[in-house]
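Report on the following structure.
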Amino acid sequence: MERNEKTSLLDRIFSWSMEDILNKDLYKQKIKTIPDKFSSVNEYLKCFVPHLLEETRTELSTSFKSLSKAHLFEISSLETMTKESSGSLSNKLFYDMSINDALSIREKYQPKCGDLIALTKERPRGVDDLNPLLLGSISVDTYPNISVILSRLIFHDEKKSLGFAPNFDLIQSVLQPNTAGMEPIVSSRTWGQNVLDIIRSSKLNSSQEAAILGCLETRNCSHKNSVKLIWGPPGTGKTKTVATLLFALLKLRCKTVVCAPTNTAIVQVASRLLSLFKENSTAENATYRLGNIILSGNRDRMGINKNDHVLLDVFLDERIGKLGKLFSPFSGWMQRLEYTSGAAEMNVERTGNVELLVVDEAAQLKECESVVALQLPGLRHAILIGDEFQLPAMVHNDQCEKAKFGRSLFERLVLLGHKKHLLDVQYRMHPSISRFPNKEFYGGRIKVAANVKESIYQKRFLQGNMFGSFSFINVGRGKEEFGDGHSPKNMVEVAVISEIISNLYKVSRERRIKMSVGVITPYKGQVRAIQERIRDKYSSLSGELFTLNVRSVDGFQDGEEDTIIISTVRSNGNGKVGFLSNCQRANVALTRARHCLWVIGNETTLVRSGSIWAKLISDSKRRKCFYDAKDDKRLKDAMNDASDVCTRLSTLWIKKKGRK
């Protein structure tokens with residue numbers, strides 16, 4: 001498929017036929033390994049295009065597999081728009097559509113901007129039931145009315161798609177970064193007593209304080225563009241450091257844009273920044289106001305509800321709504337405000353150039369996703385905060401993943417020897433928990449904060465050495481099963497985990513102990529199996545005292561709990577563990593617990609895998625933290641019951657197969 005180089009991404013995607021979307025070889029010959037260095041801005045920008053298109057095609061193709069489960073709405077009316085209402089568009093191409101409510105409560109759903117909508121005569125059971133129109137774009141104005149434009153060519157030049165003329169100065173500095181002299185020397189510059197007071201009153205450690213002062217020094221380095229890296233391993237107070245830096249920049253009236261790959265990360269930073277703001281809002285001679293902070297994004301996905309008054313105070317859409325009510329009597333104001341809300345060009349022209357870019361969780365962001373932010377007009381410096389030893393960005397296409405499409409700018413710069421400032425004190429994990437990941441992933445460079453060394457930080461929620469701060473609990477009788485979704489589960493491990501949770505819940509309820517528990521597993525099949533078992537056995541596990549989260553490793557990237565139980569699932573004689581062997585996944589799973597971390601797994605399988613989990617077992621034995629589940633009577637009984645059920649089901653399946 002040959003296209004003009006200036007054809008936009010949307011043009012290419014909407015030009016695909018159904019056969020193109022399902023064609024795994026559509027861009028196969030164009031996917032090349034992304035290089036570590038680039039000779040020009042043009043080469044840099046062009047190298048990501050085939051990968052981005054192929055990744056988009058893969059996601060669309062995958063979504064078709066669940067087509068029969070998609071939300072369904074009935075079209076109640078379809079009218080051709082008049083020339084007056086459709087503007088300059090041909091009235092043969094512009095239609096106004098009304099839809100009825102969802103056909104069932106299960107399908108209660110509100111269309112969102114960016115959703116892909118298929119128009120069909122009947123509910124499709126699969127991709128073969130779709131006969132596509134040449135669909136150009138859909139805009140959701142006022143639900144349930146949807147404006148649809150058919151067979152429309154989409155003309156997006158670079159300036160319009162960005163909302164401003166691109167600035168390539170900062171991108172130029174990351175093509176072939178010169179590592180010499182990257183770290184600015186923190187001078188004795190006087191930042192102003194207010195700024196220094198904020199930094200010192202935030203109770204930062206020396207590495208956090210040095211990181212912030214280094215960033216402020218970088219901001220004042222006006223003779224060149226630069227990118228600064230801050231390395232924040234788990235529990236090292238990264239969010240606190242970022243929020244304090246942003247508050248200092250706010251006091252210095254430095255126009256700063258902050259972005260992150262996840263809604264959770266951006267909400268955490270915004271919440272911490274607003275806390276600092278309110279703590280210091282009574283300060284005399286303040287050079288900032290709440291109006292200087294703007295939070296923008298999808299409110300639903302950010303989880304901002306009507307009771308989050310602090311976040312709503314700075315949420316852009318909320319402000320636009322309030323201003324609209326104030327100015328509605330004046331003709332033209334509301335329309336102007338609505339336009340400004342969605343127009344990046346208007347925002348840039350009104351606020352002036354941005355000086356500094358801060359990217360939180362930068363190691364989770366594909367490099368191509370960083371490109372737009374790096375082109376902000378006037379931008380001279382970028383600060384990337386992340387940890388390349390945790391989970392990278394998700395890539396759905398195997399060929400793109402092998403071609404390094406998921407690699408972040410943070411990781412590439414580290415690979416090229418770019419210096420990174422390490423936050424070297426962790427405040428989350430009991431020393432027994434942090435010991436292995438610190439040694440294995442960070443070379444023992446992370447110090448343990450005083451708060452986690454105190455005796456009060458060591459919790460004994462359950463009796464027995466097996467349930468100390470850290471332990472590996474061997475479940476040798478487990479059996480891995482692969483369901484229809486090909487995601488493995490291990491029902492014996494499910495039974496063991498269910499029994500442990502039951503015991504924790506009883507302790508919390510009887511002793512009135514506040515406790516948060518998380519269960520982490522690499523596989524969605526195991527997540528579903530545990531959730532179903534818990535739901536069937538206990539009607540109300542979550543409450544004010546006891547909270548429970550069961551998620552995949554990817555879902556726990558930004559989380560932490562008092563007690564974490566890891567289910568490794570795999571149980572076979574040949575040591576096959578699949579992507580369980582991924583060190584970044586292991587690091588995330590092993591660093592979420594505050595007081596107790598209990599790893600459940602099959603010793604034989606994990607040792608034979610030769611993976612990071614084999615090292616963990618060896619380490620746990622050396623530290624006398626290795627236990628066998630059968631040595632605990634309650635766990636033994638749970639395993640026996642689960643094994644009996646598995647055996648009976650297996651026998652029934654064999655008999656059924658024999659009859660066929």
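Brief remarks follow.
- Segments classed as helices (runs of 4 or more DSSP H), wholly inside the range 568-641, with at least 1 members that are under 22 Å from H430 (Cβ atoms): 583-590, 612-622
- Residue in the range 562-577 that is under 27 Å from D387 (Cα atoms), out of contact with any helix residue (DSSP H, G or I) (no Cβ under 9 Å at 6 or more places or on another chain) and either surrounded by fewer than 16 Cβ atoms within 10 Å (Cβ to Cβ) or at pLDDT 95 or above (or both) present: yes
- Residues that are touching a residue at least 60 places away in the same chain (Cβ under 8 Å) and either within 15 Å of the chain's Cα centre (by Cα) or within 30 Å of C254 (Cα to Cα) (or both), drawn from the range 390-411: Q390, L391, P392, A393, M394, V395, H396, R407, L409, F410
- Every residue from the range 471-480 that is of a type in the set (G, A, S) and either within 15 Å of V645 (Cβ to Cβ) or crowded, with 21+ Cβ neighbours inside 10 Å (or both): S471, G478
- In the range 450-470, residue modelled with the highest pLDDT [restricted to those that are in contact with a strand residue (DSSP E or B) (Cβ under 6 Å, 6 or more places away or on another chain) and surrounded by fewer than 20 Cβ atoms within 10 Å (Cβ to Cβ)]: M466
- Flag for Y505 being among the hydroxyl-bearing types (S, T, Y), in the same structural domain as S471 (by TED's automatic domain parsing) and under 22 Å from the mean Cα position of the chain (by Cα): no
- Filter result for V588 (in contact (Cβ under 8 Å) with a residue 24 or more places away in the chain, surrounded by fewer than 19 Cβ atoms within 10 Å (Cβ to Cβ), of a type in the set (A, V, I, L, M) and in the same structural domain as N451 (by TED's automatic domain parsing)): no
- Figure legend. Inter-residue proximity from the range 358-383: first residues surrounded by fewer than 21 Cβ atoms within 10 Å (Cβ to Cβ), second residues acidic (D, E), beta-carbon distance below 7 Å, spacing 6+ or different chains. Indicated pairs: G378/E355.
- Residue count for the range 296-308, restricted to those that are over 20 Å from the mean Cα position of the chain (by Cα) and within 12 Å of S271 (Cβ to Cβ): 1.
- Checking the stated criteria, S222 turns out not to satisfy the condition of being modelled with pLDDT of 90 or more, surrounded by fewer than 20 Cβ atoms within 10 Å (Cβ to Cβ) and among the hydroxyl-bearing types (S, T, Y).
- Of all residues making up the range 266-280, the number that are crowded, with 22+ Cβ neighbours inside 10 Å and either farther than 22 Å from R299 by Cα or in contact (Cβ under 8 Å) with a residue 40 or more places away in the chain (or both): 2
- If the condition is being touching a strand residue (DSSP E or B) at 6+ places or on another chain (Cβ under 9 Å), among the β-branched types (V, I, T) and farther than 16 Å from A450 by Cα, then the range 386-439 contributes only V414.
- Counting the residues of the range 405-417 that are surrounded by fewer than 21 Cβ atoms within 10 Å (Cβ to Cβ) and not in a helix (DSSP H, G or I) gives 2.
- Scanning the range 270-309 for residues that are more than 17 Å from L249 (Cα to Cα), modelled with pLDDT under 75 and in contact with a helix residue (DSSP H, G or I) (Cβ under 8 Å, 6 or more places away or on another chain) returns no hits.
- The range 481-498, subset surrounded by fewer than 21 Cβ atoms within 10 Å (Cβ to Cβ) and among the charged types (D, E, K, R), residue modelled with the lowest pLDDT: D484
- Where helices (runs of 4 or more DSSP H) sit wholly within the range 10-123, those with at least 1 residues that are modelled with pLDDT of 75 or more and not assigned by TED's automatic domain parsing to the domain that holds S408 occupy 18-22, 41-47, 49-64.
The values are calculated or read from the model by the stated rules, or taken from the named source; none is laboratory data. If you're wondering where the values come from, they're calculated on a predicted model, not measured in any experiment. Backbone-built Cβ (ideal geometry, glycine too); neighbour counts: all protein chains shown.
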